[in-house]
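Trainee: Let me give you the structure first, and then I'll get to my questions.
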Amino acid sequence: MAALLVAVLASGSVGLLTSLADDVPEPTTAEDGASDPLDALVELMLEVPDDALRRDVLKGMHVALRGRRALGVPTGWTQLYPQLVESDDAEVRELAILLAVAFRDKAALRSLLKTVGDDEVAAGDRIRAIGALADANEPNLGPVLLKIVAAVEPDGRSDDDQAVLAAAVRNLASAGNGTVPKLLLSRYDDLAGAQRDAVATLSSRSRWALELLDAVADGRIPRGDVSAFDARQMAGLENEVVSARLSEVWGNVRSTRKDRDRLVKRYRAELTADALADADLSAGRAVFAKTCAGCHRLFDAGRQVGPELTGSQRSNVDYVLQNLVDPNAIIGRDFQVTTVVTSRGRVLNGLVAEETYNVLVLKTSNDDVTVAKADVEERSLSNVSMMPEGMLDKLTPTERRNLVAYLRSPEQVALPASDE
């Protein structure tokens, strides 16, 4: 095996190694020789300090070992790793970090945890470290992320600081720490652009969801900040107490066919040509960013989870309303929701973006989440669309008018100055 991998990589044929990824044996112990292929690849990278070759080797190793646990550190890795993280090639640095975490390299883990908490380090490096440690379920990550959120400044954050804060809030969802909801709710007003991520994180566990709904009920969190995606996420927890509280505080997640037909007629009468002509397209874009951009792209803005909207029949008001009010009328299999329950009690709803022998990658409404299959407790495919019902119900008439008008716009418009 070692000779084959070295020969493949030395020839630059990383695609072949990638295609063989599922055939690489599960590493066990050094005594039975299972670690030899990794040792040989590390030795090759030490002998040939070329970024292009190292990048190909690291890609193959990452694909083959992704999602595996307790691999052990290959011979020579402690000598190689410092060279890799000092590379001028950003992809080499990132792959080295991912593999160091997979190997449970203690020195590398300590270094990455320090990187996450150091506000003098570049934002991109901190975010990559957060993602790598979260994917590996590193138990010491949660406390570091909590410190980042606790130390947030209410005003004057740079875009880089905001990006790190959002990554910290998103990845707290993987931590079972009981102090997460209290901290996020107490600092909610200071989270600004990370509020959407805070609500999504709190919606991922039953006890956290109850604390979120209590905060909505007593006015600490605006009811409109809980989107239809978040509501369906909480309904998917399949906890009777959460479901009852959700219905009481937010409303019903599903409606009847009669209700949907009635709503289409009501909204059609509301969204006349004159009303849409008076709409504020910039304000409509802000509503889109808050309610739709987590899953849809329009004019190159938003996440590509659901269908691209730029080329759809957006100019047709009836088409827009039918899809917003009744997204489950016609569902392509690629857009059916997969629900995953992890062994640590987290519930995820999303579309399967990637699946290998060892890992599952779900596209949720605010993140791409990698789950090792060894950590999957339950998995099911729903008969509903990724897009939930009730998207328009929670908006004001003005917000609905502005959103639909923006969706019909033939060109991009600027965001309101306050939302730039």
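The values are calculated or read from the model by the stated rules, or taken from the named source; none is laboratory data. Worth saying up front: this structure is predicted, and the values here are computed from it rather than measured. Note that we place each Cβ from the backbone using ideal geometry, even for glycine, and neighbour counts take in every protein chain shown.
Trainee: Answer yes or no as to whether Ser174 is touching a helix residue (DSSP H, G or I) at 6+ places or on another chain (Cβ under 8 Å) and hydroxyl-bearing (Ser, Thr, Tyr). Explain how you work it out, then say what you get.
Mentor: Details: touching a helix residue (DSSP H, G or I) at 6+ places or on another chain (Cβ under 8 Å): yes; hydroxyl-bearing (Ser, Thr, Tyr): yes.
Yes: the conditions hold for Ser174.
Trainee: In region 374-392, which residues are outside any strand (DSSP E or B) and modelled with pLDDT of 80 or more?
Mentor: Selection gives Ala374, Asp375.
Trainee: So which of Leu360, Leu403 is under 24 Å from Ser315 (Cβ atoms) and surrounded by 16 or more Cβ atoms within 10 Å (Cβ to Cβ)?
Mentor: Leu403
Trainee: Further question: Could you tell me whether Pro74 is in a loop (DSSP other than H, G, I, E, B), more than 25 Å from the chain's Cα centre (by Cα), at pLDDT 50 or above and surrounded by 20 or more Cβ atoms within 10 Å (Cβ to Cβ)?
Mentor: Considered against the rule, which asks whether it is in a loop (DSSP other than H, G, I, E, B), more than 25 Å from the chain's Cα centre (by Cα), at pLDDT 50 or above and surrounded by 20 or more Cβ atoms within 10 Å (Cβ to Cβ), Pro74 comes out as yes.
Trainee: Still on this structure: Read through the list (1) part of a helix (DSSP H, G or I); (2) closer than 19 Å to Leu202 by Cα, then give the number of the only condition that Asn137 fails.
Mentor: (1)
Trainee: So which of Ser204, Ser158 ends up being without any contact (Cβ under 8 Å) to a residue 12 or more places away in the chain and polar (S, T, N, Q)?
Mentor: Numbers: Ser204 fails: without any contact (Cβ under 8 Å) to a residue 12 or more places away in the chain.
One residue alone meets the criteria, Ser158.
Trainee: Can you give me the number of residues within region 78-132 that are closer than 23 Å to Ala175 by Cα, modelled with pLDDT of 90 or more and of a type in the set (S, T, N, Q)?
Mentor: 1
Trainee: Asp89 fails exactly one of the following numbered conditions: (1) of a type outside the set (Phe, Trp, Tyr); (2) over 22 Å from Asp56 (Cβ atoms); (3) more than 22 Å from the chain's Cα centre (by Cα). What is the number of that condition?
Mentor: Going through (1) of a type outside the set (Phe, Trp, Tyr); (2) over 22 Å from Asp56 (Cβ atoms); (3) more than 22 Å from the chain's Cα centre (by Cα) one by one, Asp89 breaks only (2).
Trainee: While we're looking at this one, here's another question. Being more than 26 Å from the chain's Cα centre (by Cα) and either of a type in the set (S, T, N, Q) or in a loop (DSSP other than H, G, I, E, B) (or both) is the filter here; which residues of region 393-413 pass it?
Mentor: Matches in region 393-413: Thr396, Thr398, Asn402, Arg408, Ser409, Pro410, Glu411, Val413.
Trainee: Sticking with this one: Taking the condition in contact with a Lys or Arg (Cβ under 8 Å, 6 or more places away or on another chain) and either at negative phi or surrounded by fewer than 22 Cβ atoms within 10 Å (Cβ to Cβ) (or both), does Val101 pass?
Mentor: Working: in contact with a Lys or Arg (Cβ under 8 Å, 6 or more places away or on another chain): no; either at negative phi or surrounded by fewer than 22 Cβ atoms within 10 Å (Cβ to Cβ) (or both): yes.
So Val101 fails the test.
Trainee: Picking from Asn358, Asn316, Asn349, which residue would you name as being in the same structural domain as Asn402 (by TED's automatic domain parsing), modelled with pLDDT under 85 and of a type outside the set (Lys, Arg)?
Mentor: The match here is Asn316.
Trainee: Considering each residue of region 125-155, count those that are acidic (Asp, Glu), over 26 Å from Glu91 (Cβ atoms) and either in the same structural domain as Gly345 (by TED's automatic domain parsing) or in contact (Cβ under 8 Å) with a residue 12 or more places away in the chain (or both), and give that number.
Mentor: Number satisfying all stated conditions: 1.
Trainee: Let me ask something else about it. From Arg205, Arg245, Arg232, which residue is among the basic types (Lys, Arg) and over 18 Å from the mean Cα position of the chain (by Cα)?
Mentor: Answer to the check: Arg245.
Trainee: Please pick out the residue among Gly390, Gly345, Gly350 that is buried (at least 18 other Cβ atoms within 10 Å of the Cβ) and within 21 Å of the chain's Cα centre (by Cα).
Mentor: Gly350
Trainee: Considering each residue of region 363-373, count those that are outside any strand (DSSP E or B) and under 23 Å from Ala293 (Cα atoms), and give that number.
Mentor: Of the residues in region 363-373, the ones outside any strand (DSSP E or B) are 364-367, 373.
From the residues that got through so far, the ones that are under 23 Å from Ala293 (Cα atoms) too are 364-367.
Looking only at that region, the number is 4.
Trainee: Could you please find all residues in region 92-107 being charged (D, E, K, R) and in contact with a Leu (Cβ under 8 Å, 6 or more places away or on another chain)?
Mentor: Here is the first cut: in region 92-107, the ones charged (D, E, K, R) are 93-94, 104-106.
The answer is Arg93, Arg104.
Trainee: Something else: State whether the residues of region 177-192 include one that is of a type in the set (Phe, Trp, Tyr) and surrounded by 21 or more Cβ atoms within 10 Å (Cβ to Cβ).
Mentor: So far as region 177-192 goes, no, none of its residues is of a type in the set (Phe, Trp, Tyr) and surrounded by 21 or more Cβ atoms within 10 Å (Cβ to Cβ).
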